[in-house]
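Heads up, the thing below is written out as structure tokens.
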Amino acid sequence: MSGSMSHVAGKTVLIAAAGCAPGVVLAQGLARAGAQVVVVDREDRRCQALARLVPGRIETLALDVMRPSVCARLGDLWGGTPIDVLVHLQPLRMAGRLGAVTMAVSALTRALRPGLAAARGRVLIVNAVPCAGAEAAERACRLGLDHLGGYLAEEAGGALPVHTLRLMRAAGAGKAAALSVLLDPALFLGFGLAQGGGMRASSITVCAACD
């Protein structure tokens, strides 16, 4: 994925609901690759911990992006400032509220559409494959989230690529080792696919810890 890494420097990446283990991997990896990363989480202490990982490269916003009204206000404040990649981690950070997550991901994507359009940016939704024995409601919600990217891309008239990264729980590996595989597919979906006429929605499944 070295080709993807070369496109990261100087880009703006906003990570929603970043206060989880995958948020650490993505924020730190993207910032070290040269991106300016904005981490958003309802808990300021988690945001500040992320900012300390790569000082000067990670900015913080303590906001509850599970609330559509907050998403709308953020969009009003952000305006047309370019966003190259918007990463949604709500399906992992708020795994017990998957119905609300669907609404929140949609609301934030719509609110930040002007900034994404200004950069010809992309959206990445990070979901989890249901574990064995998961209840029917979780399975249905996760399946809906897998399809959400395509619907959001269609809603934007095909002008906004929305990709999905699905995490399958790793067996027999420590969390740090399992999470280390997240960065490369995130770089590929966020920066590696061909611009202009490329895929508007796609999905990749990787084996990684998802909590």
If you go through the range 79-88 one residue at a time, do you hit one that is under 30 Å from residue 10 (Cβ atoms) and in contact with a Phe, Trp or Tyr (Cβ under 9 Å, 6 or more places away or on another chain)? yes
Find the residue count for the range 181-211, including only residues that are modelled with pLDDT of 70 or more and assigned to a loop (DSSP other than H, G, I, E, B). 4
For the range 115-135, how many residues are open to solvent by less than 60 Å² (accessible area, probe 1.4 Å) and either over 21 Å from residue 81 (Cα atoms) or of a type in the set (Val, Ile, Thr) (or both)? 9
All but one of (1) open to solvent by 20 Å² or more (accessible area, probe 1.4 Å); (2) at negative phi; (3) at pLDDT below 95; (4) of a type outside the set (Val, Ile, Thr) hold for residue 22; state the number of the condition that does not hold. (1)
Could you give every pair whose Cβ atoms fall below 9 Å, whose first residue belongs to the range 178-197 and is at positive phi, and whose second residue is open to solvent by 30 Å² or more (accessible area, probe 1.4 Å) and modelled with pLDDT of 70 or more, counting only separations of at least 6 or pairs across chains? 196/120
Quick one: would you say residue 143 is buried (at least 23 other Cβ atoms within 10 Å of the Cβ) and out of contact with any Lys or Arg (no Cβ under 9 Å at 6 or more places or on another chain)? no
Check residue 51 against each of (1) without any contact (Cβ under 8 Å) to a residue 40 or more places away in the chain; (2) out of contact with any Ser or Thr (no Cβ under 6 Å at 6 or more places or on another chain) and name the one condition it does not meet. (2)
Whichever residue in the range 25-34 is part of a helix (DSSP H, G or I) and not β-branched (Val, Ile, Thr) and, among such residues, is most open to solvent (accessible area, probe 1.4 Å): 32
Counting only residues in the range 57-80 that are touching a residue at least 24 places away in the same chain (Cβ under 8 Å) and within 14 Å of residue 37 (Cα to Cα), the one most open to solvent (accessible area, probe 1.4 Å) is identified as 57
Considering only the range 75-115, state which residues are in contact with a helix residue (DSSP H, G or I) (Cβ under 8 Å, 6 or more places away or on another chain), aliphatic (A, V, I, L, M) and part of a helix (DSSP H, G or I). 92, 98, 101, 103, 104, 105, 107, 108, 111
Residue among 54, 37 that alone is in a strand (DSSP E or B), buried (at least 16 other Cβ atoms within 10 Å of the Cβ) and out of contact with any Pro (no Cβ under 6 Å at 6 or more places or on another chain): 37
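The values are calculated or read from the model by the stated rules, or taken from the named source; none is laboratory data. Computed from a predicted structure; not experimentally measured. As a convention, Cβ positions derive from the backbone with ideal geometry for all residues, glycine included, and neighbour counts pool all protein chains shown. These accessible areas exclude ligands, DNA and RNA; they are computed on the full protein's heavy atoms, side chains included. Shrake-Rupley method; radii C 1.70, N 1.55, O 1.52, S 1.80 Å.
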